[in-house]
1. List the chymotrypsin sites (Phe, Trp or Tyr not before Pro) in segment 74-133 that DSSP assigns to loop (not H, G, I, E or B) and whose Cβ has at most 16 other Cβ atoms within 10 Å. Which are they?
2. Applying the Karplus parametrisation 6.51 cos²θ - 1.76 cosθ + 1.60 with θ = phi - 60° to the phi angles of segment 57-70, what ³J(HN,Hα) value in whole Hz is obtained for each residue in order, glycine and proline being reported as x?
3. Given points 7 Å out from each Cα along the Cα-Cβ axis, report the Q123 to D166 separation in nanometres with one decimal.
4. Over segment 56-130, what is the relative contact order in percent, taking alpha-carbon pairs closer than 8 angstrom and at least six residues apart?
5. Quick one: 3J(HN,Hα) in Hz for segment 130-144, Karplus 6.51/-1.76/1.60 with θ = phi - 60°, rounded, Gly and Pro as x.
6. Shape call for segment 133-191 from the C-alpha gyration tensor, a ≥ b ≥ c root eigenvalues: rounded (a/c under 1.5), prolate (a/b greater than b/c) or oblate?
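All of the numbers you see were taken from the coordinates with simple rules; none came from a lab. This one's a predicted model, so the numbers in the text were calculated from it and none came from an experiment. Glycine gets a Cβ as well: all are built from the backbone with ideal geometry, and neighbour counts include every protein chain shown.
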Amino acid sequence: MNKWKIAFIGLVVLIAVAIIWVSSLLMTTPESYSLAERGSPEQGGQLFVETSKSDFEALANKYIQEAVSGQAIPLQLEVEEKIALTSELTVFSLTIPVQMYFDPIVQEDGNIQLKQNQVDIGQLSIPPEQVLKLLRDSVDLPNWMVVSPADESVFIDLEGLPIDGDFDIRAQKIDLENDEIILSVTIPTNQ
């Protein structure tokens, strides 16, 4: 056999292994998840903070970058008309860009649910729940960012953010169309 036939056979085997590996990841059943219910905030002074999409994006990316530093897979949040999480998947030296788009939903307890509504993965067509499963399994996400493939959502647990002090932070309103994001910050009184 000449070296071209051997190289071709090796390439075919490599592609077959990649297809089997990706298929095994995609065929497992995603599980549903929700955050633990938060109680009412403690008594104390309460501030309402209104911010813009660009400031919210910068703050979110600061916490995301601190949480995933040292990992090979980049993760970036963009806030425009939708919230987008961008990353990339590397399969056998081939880097594929991934963009997931979400609608933000403020939960009753002040946490944020990002409900996925669109996914772009290069030229591939993969169901959204499977993309979220790949994200959850490929990136060591911070404990305050919970991926729930079955719900096609990412939950942001504001109580779990690593903030100095005993603050209780809750989302009040997220209106991206009008560039209005309002958070409440409760500062407990010393008793």
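1. In loop regions of segment 74-133 (DSSP not H, G, I, E or B), the sparsely surrounded chymotrypsin sites (Phe, Trp or Tyr not before Pro) are F92.
2. So the Karplus estimates, Gly and Pro as x, are 4, 4, 5, 4, 5, 4, 5, 5, 5, 4, 6, 10, 4, x Hz.
3. Rounded to a tenth, the inter-label distance reads 5.9 nm.
4. Working: 108 pairs, mean separation 14.1, N = 75.
Value for segment 56-130: 19 percent.
5. Once rounded to whole Hz, the list reads 6, 5, 5, 5, 4, 4, 4, 7, 9, 10, 7, 6, x, 5, 8.
6. Numbers: a/c = 3.10, a/b = 1.43, b/c = 2.16.
Oblate.
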